[in-house]
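Novice: Please find one structure pasted underneath; my questions will follow.
The values are calculated or read from the model by the stated rules, or taken from the named source; none is laboratory data. Worth saying up front: this structure is predicted, and the values here are computed from it rather than measured. Don't worry about glycine lacking a Cβ; one is built from the backbone with ideal geometry, like all the others, and counts go over all protein chains shown. Ligands, DNA and RNA are stripped out before the accessible areas are found, and what is left, the full protein with its side chains, is counted by its heavy atoms. Shrake-Rupley method; radii C 1.70, N 1.55, O 1.52, S 1.80 Å.
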Amino acid sequence: MARIAVIPGDGIGVDVTQEALKVLEVVRSAGVDLTFDEFDYGAEKYLATGITLPDEEIENFRDNYQAIFLGAVGDPRVPDMKHAADILLGLRFKLDLYVNYRPIRLLDENLCPLKDKTCEDVNFVVFRENTEEMYAGVGGHLKKGTHDEVAIQTAVNTWKGVDRIIRHAFEYATKHDLTKVTMSDKSNAMRFQGDLWDRVFEEVAAEYPDIESNILYIDALVMQMVKRPQQFEVIVTSNMFGDICTDLGAQLQGGLGLAGSGNLHPGRTSLFEPVHGSAPKYAGKDIANPLAAILTAGIMLGELGYPEWENKIETAVREAYREGNVTRDMGGRLGTAGTGDTICQKLEKMISE
Ligand code: NAD
Ligand code: IPM
Ligand code: MN
């Protein structure tokens, strides 16, 4: 049995979560033992009560749920992102979800903005370190609000943090019969951080002699992701670089409307969310593409031990796209709910066959 805590969040997070839940309901009715509890954390609650995400709730998630499904957080009425930081980064940090798993998988070659690229060419995963570096919240202001202001945002990198994400990348490659792991840093300019990443990478890579390993500076990595994406199988990088290169990766697979992710601590409660944000201008208009959220539900099912459902969901998405039964950002003719319904119908058909 898997208990799933659902936080629709803000903006289109609410719209797309509704569709992902419809799909998960089909999976549940086919006999997969899932239960869902919805939580209303987000901008509305924060503005009304000052509550973002209490520590006791995070403990509840950790102790009583196998997974958390999050739509998106971010609202123009909260310009300092206070609630979003507490909810999203709070979950990542307090549950120690050190692996941000972002697969970049092209489901149909017509979705790729690059010329002459096939689904085999764009098929790799990015492991983004998810608990350290510039996101660690270490820093501060001096003389804030004056022209002498100093702002410091410290990149925290620990041997343990770097080692465990790199090791995860090699373990993933081993488990999936992949042959190559690429690490990306910026050791030519950021000497302290880059030097640590380089040394740990070389040390861990030596334990996996059958897997080819290489290092690319982050600027070269993003250039190569566009130029020759077929060279990548597994990419591992730090938090900020991983954030940036996975938005680029999302475009390679057809846009943010198709990119799913998992924030994982193997063996513990993990968090699943589409890579996109709350896109406030599209909220509540039946426009947002729900497929990133639906594919994220698939990633979640894969991690919970039901990889066959992840495959079925991908197949349904591929078919829906080929028929034009998807949202307008993908050249389709449907709205958010219609697209969700299409995926549900396809899954129901697969179940009855
Ligand atoms: P965004 O991902 O919300 O939207 C950027 C653009 O991408 C949109 O204007 C839209 O054109 C397109 N897009 C994104 N998702 C789409 C979808 N499902 N269907 C169709 N088009 C889609 O990024 P942003 O505008 O930079 O951020 C908006 C808010 O979301 C901010 O508050 C930001 O901090 C937050 N955010 C939250 C998360 C998260 O919760 N995980 C992630 C990224 C951004
Ligand atoms: C993401 C988002 C977040 C991040 C923001 C909303 C803090 O961009 O999940 O990619 O930078 O990690
Ligand atoms: Mn991002």
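Novice: So which strands (runs of 3 or more DSSP E) stay within region 19-123 end to end and still have 3 or more residues that are within 16 Å of ligand 1 (Cβ to nearest atom) and within 19 Å of the chain's Cα centre (by Cα)?
Specialist: By residue number, 67-72, 99-105.
Novice: Among the candidates Gly262, Gly242, single out the residue that is within 16 Å of ligand 1 (Cβ to nearest atom) and in contact with a Leu (Cβ under 9 Å, 6 or more places away or on another chain).
Specialist: The match here is Gly262.
Novice: Let me ask something additional. Please state which of the following conditions Gly298 fails to meet, knowing it meets all the rest: (1) at pLDDT below 95; (2) of a type outside the set (A, V, I, L, M, F, W, C); (3) in contact with an Asp or Glu (Cβ under 8 Å, 6 or more places away or on another chain).
Specialist: Of the numbered conditions (1) at pLDDT below 95; (2) of a type outside the set (A, V, I, L, M, F, W, C); (3) in contact with an Asp or Glu (Cβ under 8 Å, 6 or more places away or on another chain), the odd one out for Gly298 is (1).
Novice: Quick one: what pairs do we get from region 277-289, first residue within 18 Å of Arg77 (Cβ to Cβ) and among the hydroxyl-bearing types (Ser, Thr, Tyr), second within 16 Å of ligand 3 (Cβ to nearest atom) and part of a loop (DSSP other than H, G, I, E, B), C-beta under 6 Å, 6+ apart or different chains?
Specialist: What qualifies is Ser278/Asp10; Ser278/Gly11; Ser278/Gly74.
Novice: Within region 285-295, work out how many residues are among the β-branched types (Val, Ile, Thr) and open to solvent by less than 20 Å² (accessible area, probe 1.4 Å).
Specialist: 1
Novice: Taking region 296-305 on its own, how many of its residues are more than 18 Å from Arg268 (Cβ to Cβ) and open to solvent by 20 Å² or more (accessible area, probe 1.4 Å)?
Specialist: Total satisfying the criteria: 0.
Novice: Could you give me the residue pairs with C-beta distances under 6 Å whose first residue belongs to region 13-28 and is more than 19 Å from Thr327 (Cβ to Cβ), whose second residue is within 15 Å of ligand 1 (Cβ to nearest atom) wherever it lies, and which are 6+ apart or on separate chains?
Specialist: Pairs found: Leu24/Ala297.
Novice: Report yes if Asp80 is more than 16 Å from ligand 3 (Cβ to nearest atom) and either within 19 Å of Glu133 (Cα to Cα) or surrounded by 18 or more Cβ atoms within 10 Å (Cβ to Cβ) (or both), otherwise no.
Specialist: Taking the combined requirement at face value, the residue does not satisfy it.
Novice: Still on this model: List pairs: first in region 224-244 and within 11 Å of ligand 3 (Cβ to nearest atom), second assigned to a helix (DSSP H, G or I) and modelled with pLDDT of 95 or more, Cβ under 8 Å, 6+ apart or cross-chain?
Specialist: If the second residue must be assigned to a helix (DSSP H, G or I) and modelled with pLDDT of 95 or more, the pairs left are Asn239/Met134; Asn239/Tyr135; Met240/Met134; Met240/Tyr135; Ile244/Ile218; Ile244/Val222.
Here is a yes/no grid of residues against (1) in the same structural domain as Ile12 (by TED's automatic domain parsing); (2) within 9 Å of ligand 1 (Cβ to nearest atom); (3) crowded, with 21+ Cβ neighbours inside 10 Å:
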position: Ser270; (1), (2), (3): yes, no, yes
position: Glu273; (1), (2), (3): yes, yes, yes
position: Pro280; (1), (2), (3): yes, yes, no
position: Ala283; (1), (2), (3): yes, no, no
